[in-house]
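Engineer: Attaching a single structure in structure tokens format; questions to follow.
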Amino acid sequence: MTDDLNKNISDKEGAIRSDAFLAKKSFDAQKDAFDQYTPDDFTDDYVNDVENLRHELKLMMSIMNESKFDDIVHLIANPSRLMGLNFIIGFVRGLGFCLAVIIMILIVLISLSDTTLFRA
């Protein structure tokens, strides 16, 4: 399982900063130190702090889900899709701009057609 996880992470190394890899290695190295504690070692103040942390983590997770953060990261990790999407968006905006300019020119020409300048 760990080998699959390491392979999966190494495949996405371009999308993840090196600081995240260092933090993961540091966490893995110190993870066993947490196993020595028993529930009796924790005070009620500590339990309240943990509950507050859990609440804030749930809030942060709901914000991340609503903001589509994972979709943004996936898009940034795939540069060819990002460039293609930006090209299509730019093309549609250009068409919209050209259409708006043509409509405005037609409105000006139609409003000026009643003047003596355009009468034959």
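Values in this text are rule-based calculations from the coordinates and carry no lab data. Everything numeric here is computed off the predicted structure, so don't read it as measured data. So basically every Cβ, Gly included, is an ideal-geometry build from the backbone, and we count neighbours across all protein chains shown.
Engineer: Using a simple spin-label model with points 7 Å from Cα along the Cα→Cβ vector, what separation in nm is obtained for Ala29 and Leu112?
Structural biologist: 7.5 nm
Engineer: For the range 79-120, what is the Kirkwood estimate of the hydrodynamic radius, computed as the reciprocal of the mean inverse distance between distinct Cα atoms, to one decimal in Å?
Structural biologist: Mean inverse Cα-Cα distance, inverted, gives 12.7 Å.
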